[in-house]
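**Student:** Quick one: structure below, then a few questions.
The values are calculated or read from the model by the stated rules, or taken from the named source; none is laboratory data. Note that the coordinates shown come from a computational prediction; the quantities given were computed from them, not determined experimentally. Cβ sites come from the backbone with ideal geometry, for glycine too, and all protein chains shown count toward neighbours.
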Amino acid sequence: MRFSLSFRWIFDPYLDLVVFSFIRFSEPSNFKYRIALEKQLTSTMLHLLGLTSKCDQQAIQDLLVKKASFLEIWIEGLCSSVGDTSSSVDEAKHASVDQKKDVIRRTIQSLVKVYESSKHHLIAHRFEKLAMRLL
């Protein structure tokens, strides 16, 4: 699958929104649907990042290398927020957490492929360590 350069025009604003939503303000937000919006934004960003390994655009790869530190911190936060289900009795909760872990794992695998193909093996190794936390 090939993506056109217009893919970056879609990708950049989402990445900027994720960065913006990651920053916590000291004042409480009056935005009524903030939590739902953050969940949808996270889901969309994970989906977009999961598609990046199929993208052969140098501009996208350069952007991901540039944002690697942020993505690592953001994904690490997602891994921590998913939690452990080894002692969970609730089947529905267990299945939901496993599904979230799977989406995050696929995103990480996609990023690892991008970083390895662009010869950034150290970054790829750091993301592989993140994936191991989800096992």
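**Student:** If a residue must be touching a residue at least 40 places away in the same chain (Cβ under 8 Å), out of contact with any Cys (no Cβ under 7 Å at 6 or more places or on another chain) and among the hydrophobic types (A, V, I, L, M, F, W, C), how many such residues does region 113-132 contain?
**Tutor:** So the count comes out to 3.
Residues are listed down the side, and each one gets a yes or a no for (1) farther than 20 Å from L48 by Cβ; (2) touching a residue at least 60 places away in the same chain (Cβ under 8 Å); (3) not charged (D, E, K, R):
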position	(1), (2), (3)
L63	no, no, yes
F70	no, no, yes
I73	no, no, yes
S96	yes, no, yes
K100	no, no, no
I104	no, no, yes
I108	no, no, yes
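**Student:** Could I ask something else about it? Could you list all residues from region 93-130 that are in contact with a helix residue (DSSP H, G or I) (Cβ under 9 Å, 6 or more places away or on another chain) and not in a helix (DSSP H, G or I)?
**Tutor:** S118, H120, listed by residue number.
**Student:** Now, a different point. Give the residue that is modelled with the lowest pLDDT, with candidates limited to residues of region 80-114 that are hydrophobic (A, V, I, L, M, F, W, C) and farther than 16 Å from M132 by Cβ.
**Tutor:** V89
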